[in-house]
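S.K.: Handing you this structure, nothing more for now.
The values are calculated or read from the model by the stated rules, or taken from the named source; none is laboratory data. No experiment lies behind these values; they were computed from the predicted model shown. Because the Cβ atoms are built from the backbone with ideal geometry, glycine has one as well, and the counts that use them run over all protein chains shown.
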Amino acid sequence: MHLSIFTRTTPLLLSFCLFLCLPAIAFSSECHKEGRWLVPGTEKFTSTAELVKTTRNQRVVLLGEQHDIAEHHRWQLQTISALFALHENIVLGFEMFPRRTQPALDQWVAGDLSETEFLEQSDWSKVWGYDSALYMPLFHFARINRIPMLALNINRSVVRTAGKKGLSQMTREERQGVSIPAKASDDYLELLANTFNGHSHSKDKDKDKDKDKKTIKETLKDEQFLRFVDAQQLWDRAMAEKLAKAAQSNQAPLVIGVMGTGHIVERFGVPHQLANLGINKTRVLLPGNSNIPCDEITTRTADGIFGLSDYSEPARAIKPLLGVHLLNEQGTIKIVQVVEKSVAETSGLKQGDIFVTIAGKAVDSVDDVIDTIQSMRAGTWLPIEVERDGKSLEMVAKFPIESSEKSN
């Protein structure tokens, strides 16, 4: 999220997203049937009822997703429901929440919080940011069935620190208590190198094969890449530790982890770290649609891939955008740029203006502005007070019914 809502992310985390936000597993028609599970390595399809039976003696089941695809979350809910019907004693772990938000998850499951309170107390808009409506059905399922929810993640600042100075230079306290990750496999390093270099993980680029190998070989020695790997490994390890601890508890539940496909595909990432922690009975399940050759799907890709249709979501309402870029200058929130033809420009905001209040509330951080803009609706008006040349000015931002600005 920049100061238009989407770029508070650092370049390092944007690099992670190239890997963690892998598109849905896709495959051609002979290995894809809508509403059926492909069992890689067998060329056979099975039903959800039969597939979940294979988890009977497992300790952890990992469900992948592309975070912004609603159909993936519907599939997750269906799969969790089927697993719950078989196991009953389950725990749900979510990548979306850092460990510090665990009290909010506990209160939510206990029925002590409203949706709004839950999202506020779990710091959703800051720690995750994707539309909460995509995930709320999963959270409500946990609540109405009193299924424990686990916050699997660590603070993003910890991951950023690993990416900046490497694991070897971090104390256990700086790692937020996470142990040193198991060494990454050569194949995982190659995948990460491709991601780091902006290459797609594909096998049909024969003409560039030698060039790519040379690039990967060089990348594997690059200090910046090695720190990138450290950050990715720390992220995987943190989630694996929480899953393993739950699986090894006296209650011995089936622990279901909900996370980005990139953390689990090919059994790299979290499954690899789980094995190192003594959890070998793990199932990796992924959503899929149609497109790439079947020979790219192997027994290592996943234990089951569910065939989704190419369902087209209805167009979503565009949220109003203000059209400013902001800077926090020692606690003062200043406008450093006003986007041309934006709501901000029309309302009279100018470069150099300092936010004093927005919607009647004092502005102490960039997030105060961003969160207020995110809560607005098309066609509404927003009162803003700024300081300009030592004088206080009041103005109103009028959001049109349809907004096309690209910055907040």
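S.K.: Output the residues belonging to region 261-277 that are surrounded by 21 or more Cβ atoms within 10 Å (Cβ to Cβ) and either in contact with a strand residue (DSSP E or B) (Cβ under 8 Å, 6 or more places away or on another chain) or in a strand (DSSP E or B) (or both).
M.R.: Answer for region 261-277, where residues must be surrounded by 21 or more Cβ atoms within 10 Å (Cβ to Cβ) and either in contact with a strand residue (DSSP E or B) (Cβ under 8 Å, 6 or more places away or on another chain) or in a strand (DSSP E or B) (or both): Thr261, His263, Ile264, Val265, Arg267, Val270, Pro271, Leu274.
S.K.: Applying the selection to region 86-123, what residues are within 27 Å of Tyr311 (Cβ to Cβ) and without any contact (Cβ under 8 Å) to a residue 24 or more places away in the chain?
M.R.: Residues satisfying the conditions are Glu115, Leu119.
S.K.: Looking only at region 280-291, decide whether some residue is touching a helix residue (DSSP H, G or I) at 6+ places or on another chain (Cβ under 8 Å), farther than 13 Å from Val60 by Cα and buried (at least 19 other Cβ atoms within 10 Å of the Cβ).
M.R.: yes
S.K.: When you scan region 368-378, do you find a residue that is more than 30 Å from the chain's Cα centre (by Cα) and assigned to a loop (DSSP other than H, G, I, E, B), even just one?
M.R.: No, region 368-378 contains no residue that is more than 30 Å from the chain's Cα centre (by Cα) and assigned to a loop (DSSP other than H, G, I, E, B).
S.K.: Pairs, please: C-beta under 8 Å, at least 6 apart or cross-chain, first residue under 17 Å from Val324 (Cα atoms) and in the same structural domain as Lys361 (by TED's automatic domain parsing) and in region 379-397, second of a type in the set (Phe, Trp, Tyr) and surrounded by 15 or more Cβ atoms within 10 Å (Cβ to Cβ)?
M.R.: Once the first residue is under 17 Å from Val324 (Cα atoms) and in the same structural domain as Lys361 (by TED's automatic domain parsing) and sits in region 379-397, its partners that are of a type in the set (Phe, Trp, Tyr) and surrounded by 15 or more Cβ atoms within 10 Å (Cβ to Cβ) give Trp381/Phe399; Leu382/Phe399; Ile384/Phe355; Glu385/Phe355; Val386/Phe355.
S.K.: I want to confirm something. Restricting to region 149-170 and keeping residues that are of a type in the set (D, E, K, R) and more than 17 Å from Met239 (Cα to Cα), which single residue is surrounded by the fewest Cβ atoms within 10 Å (Cβ to Cβ)?
M.R.: Lys165
S.K.: Would you call Ala252 part of a helix (DSSP H, G or I) and out of contact with any helix residue (DSSP H, G or I) (no Cβ under 8 Å at 6 or more places or on another chain)?
M.R.: So Ala252 fails the test.
S.K.: Has region 97-108 got at least one residue that is at pLDDT 95 or above, within 22 Å of the chain's Cα centre (by Cα) and of a type in the set (A, V, I, L, M)?
M.R.: yes
S.K.: If you go through region 299-348 one residue at a time, how many are surrounded by 12 or more Cβ atoms within 10 Å (Cβ to Cβ) and either of a type in the set (Asp, Glu) or closer than 30 Å to Gly35 by Cβ (or both)?
M.R.: 10
S.K.: Take Glu95 and decide whether it is of a type in the set (Asp, Glu) and within 20 Å of Val284 (Cα to Cα).
M.R.: yes
S.K.: Looking at Arg100, Arg146, which one is among the basic types (Lys, Arg), in the same structural domain as Ile264 (by TED's automatic domain parsing) and closer than 28 Å to Ile370 by Cβ?
M.R.: Just a single option satisfies the conditions, and that option is Arg100.
S.K.: Let me ask you something else. Inspect region 56-66 for any residue being part of a helix (DSSP H, G or I) and under 20 Å from the mean Cα position of the chain (by Cα) and give the result as yes or no.
M.R.: Scanning region 56-66 turns up no residue that is part of a helix (DSSP H, G or I) and under 20 Å from the mean Cα position of the chain (by Cα).
S.K.: Given the conditions (1) assigned to a strand (DSSP E or B); (2) over 19 Å from Ser157 (Cβ atoms), and given that Leu86 satisfies all but one, which numbered condition is not satisfied?
M.R.: (1)
S.K.: Right, here's the next one. For a quick check of your reading of the model, give me the residue pairs whose first member lies in region 126-148 and is over 15 Å from Val258 (Cα atoms), whose second is among the small types (Gly, Ala, Ser) and assigned to a loop (DSSP other than H, G, I, E, B), with beta-carbon atoms closer than 8 Å and at least 6 apart or on different chains.
M.R.: That search, which allows pairs on different chains as well, returns Arg143/Gly111; Arg146/Ala110.
S.K.: Same structure again: Could you go through region 78-95 and let me know if any residue there is loosely packed, with under 14 Cβ neighbours inside 10 Å, modelled with pLDDT of 85 or more, of a type outside the set (Ser, Thr, Tyr) and within 23 Å of the chain's Cα centre (by Cα).
M.R.: Taking every residue of region 78-95 in turn, at least one turns out to be loosely packed, with under 14 Cβ neighbours inside 10 Å, modelled with pLDDT of 85 or more, of a type outside the set (Ser, Thr, Tyr) and within 23 Å of the chain's Cα centre (by Cα).
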